[in-house]
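Worksheet for the structure shown next.
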Amino acid sequence: MASNGKSSERQRTAQQRLRIIAGHLRKPEEADHTEIAAQECKAESSRTNPEKPNSMPKRRQEIMKWNGWGYSDSRFLFNKKGQAEFTGKRYRLSGLIMPSLKDWFEGTFGANLQHKSPAAPALNAGVVPPPNLNEVFVEELKATGIPFSQDADDRMFRAHGHCLHEIFALREGHFGRCPDMVVWPNCHNDVVKIVELACKHNVCLMPYGGGTSVSSALECPPEETRSIVSLDTSQMNRILWIDEKNLTAHVEAGIIGQDLERLLNESGYCTGHEPDSMEFSSLGGWVATRASGMKKNIYGNIEDLVVHIKMVTPRGVIEKSCQGPRMSTGPDVHHFILGSEGTLGVVTEVTMKIRPIPEYQKYGSVVFPNFQQGVACLREVAKQRCAPASIRLMDNEQFKFGHALKPQVSSIFTSFLDGLKKFYITKFKGFDQDQLCVATLLFEGDREKVLQHEKQVYDIAAKFGGLAAGEDNGQRGYMLTFVIAYLRDLGMDYYVIGESFETSVPWDRVLDLCRNVKERIVRECKEKGVQFPPLSTCRVTQTYDVGACVYFYFAFNYRGLSDPLNVYLQVEHAAREEILANGGSLSHHHGVGKLRKEWMQESVSSVGLGMLRSVKEYVDPDNIFGNRNLL
Amino acid sequence: MASKSVYSQRDPVLKKRDDFEDILEERRNSSDLRYAFKCYTPVLYKGLVPCKPAMLKTIVLQSDSLQHVISQVSAESGESVELVQEEAAAILEEMAHRQQLSTVRFFAFTLSKAFKSLFRSVCVNEEGIQRLQQAIHEHPVVLLPSHRSYMDFLMMSYILYTYDLTLPVIAAGMDFMSMKFVGEMLRMSGAFFIRRSFGGDKLYWAVFSEYVKTILRNGYSPIEFFLEGTRSRTSKSLTPKLGLLNIVMEPFLKGEVFDVSLVPVSISYERVLEEALYARELLGVPKPKESTSGLLKARRIFSEDYGSMHVYFGQPVSVRSLAQGRINRAHYNLVPRHIPRKPTNEAQSFVNDTAYQLVRMQEENMVLKPWVLIATFLMQNLEGMELSQLVEQTVWLRDLARSFGAFLDWPDHTSSMKVVSSSLSLHCNLVSVCEGQVRLLVAAAQGCESPEALLFEQAVSALSCASYRNQVLHVFLRPALLAVAMHTAATQRKDEVYNCFSFLRNVFSNEFILCPGEAVQDFDEACYLLMKCGAVQILQQGVVTTESGRVTLPFLCAMLEPFLQGYQVVCRYLCEEANDNLTEKLFIPAVRTFAVKLHLAGSLRCYEALSSDLQKNALAALLRLNAVKKVKTADQVVLKVNKLAVNSLEDTLGGKIPTQKPVLARL
């Protein structure tokens, strides 16, 4: 093992040397580049660069669904035999058949494959209202050469995030207020120009990153009378430099998570920031919403990861003068930017911490007899500060949900093994199938330390009645988070609508909050006339010293309801009230947007809200960044 | 002032009530022994892991909240933590129940025998039982029976056992503990004992509240206690006590349970076992101390007929729905939940309103027998009545009571004459029918026939009879207050009538169950009911008596007359006789002596003025209105009387001066 480690170490130094040499070779070209620094972006934008790793084209609708989650080629469907399958080639599940999903789906929701609720087939450009353009602004923007579009489908695509009500409306063919045009700046300077023009001509700007918002943050305020310009950052997606001495990378803020990670990996690094939406969400979006990543236990949340932020505001550019690791210079101005949700300006460039790619990764899982024991175990792990990169606890319903996604087993032997495992846990160990729950684990680091760490965590789990349940269960648990959004689209084909939401809560209230919120959802659905009991499930997804992050899924069959959307909104509202009443926060990482705005004052006190307002007042007195989130 | 929607919501007649089943019927037809040994498998709170009483004690002693208070008390008193811990354990030992099924079975057997000999029937609404079963399964349940007799909690457990429901644990006063053997038997059937007063004792409070909350949070058993705190000696509902209600609501407010169901239970007796005892107690004869030998002596009651009793399990009330929009639970977010805190004003007023609401629900579902209507007339005609006239009047009152929404158990297909005479014969210890004349019976005073002794015996039977009239008071209370207000105000102007109504309501809010802050609603309800029975017409600006109102309104006034007179007597005493050294302790005997004097002089006819209950309530009202102040001296509490205020109050009650703002302001 030691030799193994040594050889990998040797490999790394070799690679590093290679990179440096390569750098030397390219030097003249780079020098060239710096000379024309002022022209940098333009030169780049006019060039068609095939090597440029651009997984997000300007016309996103070419690879992504316009009325659902993710890539157009990837979706769940029930085939002719009534078996669920996942199309495409992008994911581990792609091309596989999930035999038990149908039964779970029908059993859980009382849904029926005969009862379909298909989406409106294609976007009819005619129904999108014509753009309300500010002609002078358009003229001057044209002069700058920054690409823009007034096409209905481009505008439509940026008029929404992924809240249920937004997607539901698209599927039903209802469109509200859309941005009137879309611009694609290529660099910081482009953004400066756009913001200057917007201020000059009083145009409303709405920054658009990955478009994965679930807080109604991207909804155009219907009361906005000015021309609304959606500022799509997707073309600002380069890593500008990597500083290996300080382990930082300077990155344009439009880069999406998967590109950032891939590009850094090529240099042997990673940020370790992996929110569930990382396939599509952008660095700028993370900063603007205070995002949290799955592996925050090792790498930290976004606020721990950023070293330096550059943001363009109507007042000018805000940035710090150095990259010191910590400062005592009054309140940290970064914290006005982090979580500002696009109300103050556009984040253009960020310096982030990077880490060498971990040598070894291992999934794991633990079965607990019940949720209480599971939470107690997570609490103990947090107390001993030995949480793995990720540790999540699914409740019983979610455990069953995960099981329904098991792909067809390839051999009789595996299915026999599965049967044996089930027998061992339920019969031999006496776990109740309707009580047990599962924690999924992800360890990262050097191999030896990972194994040691693993043992420590499993030892703690054993004290709370936990049984190790294999890597496979763990890995499937994490996969669930990437495909869950695709699953919602499947549900919506069959009268099932649902949503997820999250909160953070002190340890002593975790159990009470989970129970009460789940029960509130069930009760509200019943009161609102939902015919079949809803799916109401939760998991603890992050642990902290003083509390945890809890994630809820809820979904129900809306057949027989005249206004399902309204019912859904009322239930979600009630669930949020229940969270707040039980000591949970308004949001752990999704942000406030417009969806949760009404509770801001209660959450941060009126003085707190006043502080935020006065910052907005100073930075953006004319409300150029007029998405009306947060405040 | 009023909107139509308020009326329709409040219309009590619209309320559907369930049918009753007699649970004794089966007992009379099958073996009690087999019943006592029947298979008992109650439906439990969902997901409950049952817990033995000993385990429960351990959980309580180790709870964060109790540990917190123990260390606090230890730091304050300087005693060691171990010592305080032991003290807490001792308190818990004294308090905790030791419910065991064998004892319950023993009670099931003996109580079957006892109930069969005491009662003709014990009627229970089975739909209520079904609702209760559902409630027990879904949420922690608090049972809130009315309290008129010692029988109440035995009967509750008996019924729950009969219907295979989880047996409740019952908060009982410490008095029972002094009964040898019986106290322990009660403990083993599920009673837990609390001291009557423990105001400042932090540790006691902590043990007590944690004990109750632990049972509730885990849903081990339904918790049963009496909102009224003690048995009502007058059959009027008592002002609710808030301590325990506060405790049982806390787990919901702190989010420890999703919801708590409060189930009001109305227990009504055709004849109360303790009727004469209560009357004597009200007249100053001390309550016999609870003792086993006393209990044995009381066994002669088995030879008498106590008619039927009705137990109505009301609709479970969800604390969550009550608190919706009234309580901001986020208030509990900022302090760890195990640290005891005083309830906020918001929570306090919420609990208070809820308590009143629950007592009113108890009242509304109380089954009324024809006898209470008869008693009402007898109390208005103390010199006696013609039987035929009594029958006629009772029928008239029956219809009026029904139109006011009373829950009347009047037998169908029986002539009203028969109904009345069978009621009279059941209460033959109180009334006699002689040559077509019905009058109250007065037991012959033993030995010397002093006028005082005679008066005492008259008062005993009058107050006994009054307790039956009191059962129906809640039905007529609001219309009666309006009738008096109209009479006193001597005008048709609605605003003046309202002023007067609100004044009377204020004065009597210790006497009757009148929810605080609901004067307008009560006024609307009174107007609505009187309009509905055709006694008044409600105009835009006025309230006008109709032809039929000329009968109804005086009757209603007469119903409240004894209370008006009683309060005036208290006021007169304070103005005329009280000196500066009147202590709180001496107040009641002194007022009683004063009232006896008035009676003997012939200037006072009603007997309620002699009742310590009325005297206490009147004093509480005067204190609340600041007409009397308590001043604490070294070893006693002295009452300081503001004679001007008391005098004007008396005059206003007597209708001598109109209720006007200045008068109210001065009070």
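The values are calculated or read from the model by the stated rules, or taken from the named source; none is laboratory data. Worth saying up front: this structure is predicted, and the values here are computed from it rather than measured. Cβ atoms come from the backbone with ideal geometry, glycine included; neighbour counts cover every protein chain shown. The protein model used for the area step is the full one, side chains on, heavy atoms only, and it has no ligands, DNA or RNA in it. Shrake-Rupley method; radii C 1.70, N 1.55, O 1.52, S 1.80 Å.
Listed values, structure above:
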| read-out | value |
| --- | --- |
| Net charge dipole size for the stretch A:180-252 [Lys, Arg +1 and Asp, Glu -1 on Cβ; Debye, nearest 20] | 180 debye |
| Farthest toward positive dipole pole in the stretch B:340-399 [+1 Lys/Arg, -1 Asp/Glu at C-beta], among B:Leu368, B:Phe350, B:Leu382 | B:Phe350 |
| Shape of the stretch B:464-601, Cα gyration tensor, a/c cut at 1.5 | prolate |
| Positive-end residue, the protein assembly as shown charge dipole about Cα centroid, Cβ charges, pick of B:Val631, B:Ser31, B:Leu604 | B:Ser31 |
| Table column - 3J(HN,Hα) (Hz), the stretch A:364-372, Karplus curve with 6.51, -1.76, 1.60, x for Gly and Pro | x, 8, 10, 9, 10, x, 7, 5, 4 |
| Burial order of peptide ranges A:357-364, B:145-152 (average beta-carbon count within 10 Å, highest first) | B:145-152, A:357-364 |
| Calculated from backbone phi, Karplus (6.51, -1.76, 1.60) coupling profile of the stretch B:130-135 in Hz, x at Gly/Pro | 5, 4, 5, 4, 4, 4 |
| Largest to smallest accessible area among B:Phe456, A:Phe109 [probe 1.4 Å] | B:Phe456, A:Phe109 |
| Heavy-atom accessible surface of the stretch A:187-256: percent carbon and sulfur, 1.4 Å | 52 percent |
| Top positive-direction residue, dipole computed over the protein assembly as shown with Cβ charges, set A:Tyr360, B:Gln565, B:Gly654 | A:Tyr360 |
| The stretch A:86-229: Cα Rg divided by the 2.2 N^0.38 Å rule of thumb | 1.36 |
| Amide proton proximity set for A:Tyr495, modelled H, under 5 Å, gap of 5+ | A:Ser117 |
| Accessible-area value, B:Lys629, 1.4 Å probe, nucleic acids and ligands omitted, Å² | 110 Å² |
| Histogram of C-alpha separations across chain B, 20 Å bin width, % | 17, 50, 31, 2 |
| Cα-based radius of gyration of the stretch B:63-145 once divided by 2.2 N^0.38 Å, which approximates compact folds | 1.79 |
| Between B and A, accessible area buried - total, square angstrom, nearest 100, 1.4 angstrom probe | 1300 Å² |
| Interchain or long-range residues, amide H under 5 Å from A:Val307's placed H | A:Thr351, A:Met352, A:Lys353 |
| From phi via Karplus (6.51, -1.76, 1.60), per-residue ³J(HN,Hα) for the stretch B:64-76 in Hz, x at Gly/Pro | 4, 5, 5, 4, 4, 5, 4, 5, 5, 4, 4, 5, 6 |
| Accessible surface of A:Cys199 - all protein chains present, 1.4 Å probe, nearest 10 Å² | 50 Å² |
| Cα radius of gyration and Dmax for the protein assembly as shown (Å) | 38.8, 132 |
| Rounded, prolate or oblate (a/c below 1.5 giving rounded, otherwise prolate when a/b exceeds b/c) for the stretch B:486-535 by Cα gyration tensor | oblate |
| Amide H contacts of A:Gly547 (H built 1.01 Å from N, under 5 Å, at least 5 apart or other chain) | A:Trp507 |
| Heavy atoms of A:Glu172 accessible to a 1.4 Å probe, total area in Å² rounded to 10 | 100 Å² |
| Distance in nm between pseudo-label sites at A:Asp432 and A:Val192 (7 Å out along the Cβ direction from Cα) | 6.6 nm |
| Whole-angstrom gap from the stretch B:105-174 to the stretch B:252-310, using each part's C-alpha centre | 13 Å |
| Listed residues B:Glu281, A:Glu502 arranged by accessible area, highest first, probe 1.4 Å | B:Glu281, A:Glu502 |
| Lys, Arg +1 and Asp, Glu -1 on Cβ, resulting dipole of the stretch B:373-458 about Cα centre, debye, nearest 20 | 280 debye |
| Charged-residue dipole, Cβ positions (Lys, Arg, Asp, Glu), the protein assembly as shown about Cα centre, Debye nearest 20 | 1440 debye |
| Ranked order, A:Cys163, A:Cys322 - accessible area, probe 1.4 Å, largest first | A:Cys322, A:Cys163 |
| Overall form of the stretch B:172-243 per C-alpha gyration tensor (a/c, 1.5; a/b vs b/c) | rounded |
